[in-house]
Amino acid sequence: MRVLPALLEGVLSRWSVRRRLWPFGAAPDDPRIPPWRTLIARDHELWAGALQRARAPGAPRVLVANTMPGYNNGSVLESVLAAGLVLRAARPEVLVCQGELSACFLLKFRKFSDLEPIQSGSWHHKKGSPCHRCREFTRVFSDLGVEVLPYRRYLSAADVDRAKELSAAVALPQIPGYNLDGCAVGEHALAGALRYFAKGDASDEPTYEVILRVFFRASLETFYAVNRLLDERPYDVAVFHHGIYVPQGIIGEVMRRRGVRVVNWNSAYRKKCFIFSHGDTYHHTLMTEPVAAWQSLTLSPDQEAQILAYLDSRQEGTRDWIWFHNEPQSDRAKFLAQTRLDPGRPIIGMLTNVVWDAQLHYPANAFPSMLDWIRETIAWFAPRPGLQLMIRVHPAEIRGVTPSRQLAVDEIRRWFPQLPDNVAVIGPESEINTYFAASFCNAVLIYGTKTGVELTSRGIPVIVAGEAWIKNKGLTLDASSRAEYFALLERLPLDREEVMPRDRVSEALRYAYHFFFRRMIPLGCFRALDSHKKMPYEVALSSLQGLAPGADPGLDVICDGILREAPFVYPYETRDQQEWLQS
């Protein structure tokens, strides 16, 4: 007799989901939308009790600042965090934009190049606007019953007018360095504008000034709204995506200024994994992480085999949900024919990043920008025919989520119409496997790529000129000035046995294990969607019990980090036999 009620419950549940989502443009059974109401109905007593404890006086207060609702399922992850926090007697509240800010991380030139709707603010209502997704994805939080706080509640008409007036009054050259009450609002406005244009230097764009001022205005709006929110509501910690751009970067600036702990997150390379960091974006924290976090690791033969197998898989991307090659090529004859390199002379590799990506100020960089580094490095190699420079341009320039509109190959052609004979460029369109190409190199020069982690693990010497995560680990040759960088180049070709002796390679392998297996935290509640590059995962839960303490070790690590400031380090070495981590 229980079959009929169960069937009726299923029908009513599907009808409820359809009725809730259809007006907002999300298809019924959309994998992006977790079935929170259905799960709560199944575990009603568990959830009701958890909500009561979360709302009790003294419960930790967590601001989930939702900044990228439909992008890579950001709201889905943050709704899982909110549910996990409630089940741990914490009180999450969710800050949402819903189209209030003048510009944001999701505004891009390729989709919105018309100035009029951007200046007037009507772009929020245009077809294809990410604001529609913002509104749609707010449901993942309201379905949980947690409090949703729209920006409009904390952004007064006077604030909007003040942001508009100030963004128009500040001289253009002063905007990138503009500081307000100790917060670098101008730097993140510039990063947002460069991301909009997908260029590392957009000053030649006819609409550059207008766009930079719009992002500056949005930065100021965020500054005013978040400050007013904190005037009204106290929080122990704020959790939000990335920590760079608009509004993420400004939220972080204000939180730190007001004494609120910050936790940033980002999708990691491995499937079902995420990187969390305390205090700031992982772009900064991975460079300053104490070596004590991993140096004492002792890897068993099985664990060494695991990390080596994973590093091998990186060449094909078979265990990742972020990769840039469809059919990577590792043919020696084709590689030498395409590059015209002489394997009898030393080859020095050079791996670039996407030109516009994460353009922030790093005081320890040897050059003002990656492009300066590329140009001066080619000029240094040109009169040295005894060395060959192989430049591998990052495939994400054309294959990434936001393809670059400023290509490194175009800049190189502009600087060097006739490339020096000893310099070869592998363009972003090439299917040549980057790791295979690096195997021919005596040493590799990098600026900010994480590939340095993998190369040092293979015993390949790496010289760092920028903000690469492998920096400051004692595993690479790091330059903090132009003079130091060129002094390191004078040592080329390097004695690999001297620079990367066996014990240092073993140490590099330990760091790779830490970086890929311990800092990239797996969440068992997700199912990877290989065919959905813009929606790489969905929630795969049959019960809210799957998010309770002790049920998912990855979620335990994340929530302990958020609530108790514990390190965001997953003890993979003690759990490496769990089959679900490999699925």
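The values are calculated or read from the model by the stated rules, or taken from the named source; none is laboratory data. Just so it is clear, the model here is predicted, and its values are computed rather than measured. Positions of Cβ are generated from backbone atoms using ideal geometry, with glycine treated the same way; all protein chains shown enter the neighbour counts.
Out of Asp181, Asp161, one residue alone is free of Cβ contacts under 8 Å to residues at least 40 places away in the same chain and of a type in the set (D, E, K, R). It is Asp161.
Here Leu87, Leu106 are screened, and the one residue that is modelled with pLDDT of 90 or more and touching a Phe, Trp or Tyr at 6+ places or on another chain (Cβ under 9 Å) is Leu87. Of the residues making up the stretch 164-186, at least one is under 22 Å from the mean Cα position of the chain (by Cα), buried (at least 16 other Cβ atoms within 10 Å of the Cβ) and assigned to a helix (DSSP H, G or I).
Being surrounded by fewer than 24 Cβ atoms within 10 Å (Cβ to Cβ), under 22 Å from Ala566 (Cβ atoms), at pLDDT below 95 and under 21 Å from the mean Cα position of the chain (by Cα), is that true of even one residue in the stretch 228-239? No, the stretch 228-239 contains no residue that is surrounded by fewer than 24 Cβ atoms within 10 Å (Cβ to Cβ), under 22 Å from Ala566 (Cβ atoms), at pLDDT below 95 and under 21 Å from the mean Cα position of the chain (by Cα). The residue that is surrounded by the most Cβ atoms within 10 Å (Cβ to Cβ), among those in the stretch 266-306 that are among the acidic types (Asp, Glu) and within 18 Å of Ile470 (Cα to Cα), is Glu289. Answer yes or no as to whether Glu100 is crowded, with 19+ Cβ neighbours inside 10 Å and in a loop (DSSP other than H, G, I, E, B). In short, yes.
Residues checked against (1) in contact with a Gly (Cβ under 7 Å, 6 or more places away or on another chain); (2) crowded, with 20+ Cβ neighbours inside 10 Å; (3) at pLDDT 95 or above; (4) farther than 20 Å from Arg375 by Cβ:
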| site | (1), (2), (3), (4) |
| --- | --- |
| Asp421 | no, no, yes, no |
| Glu431 | no, no, no, yes |
| Ser439 | no, no, no, yes |
| Asn442 | no, no, yes, yes |
| Thr449 | no, yes, no, no |
| Leu455 | no, yes, yes, yes |
| Val462 | yes, yes, yes, yes |
| Asn472 | no, no, no, yes |
| Leu475 | no, yes, yes, yes |
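Only one entry of Ala198, Ala191 meets the criterion of being modelled with pLDDT under 95 and at positive phi, and that entry is Ala198. Residues that are modelled with pLDDT of 95 or more, in contact with a Ser or Thr (Cβ under 7 Å, 6 or more places away or on another chain) and buried (at least 17 other Cβ atoms within 10 Å of the Cβ) do not occur anywhere in the stretch 548-566.
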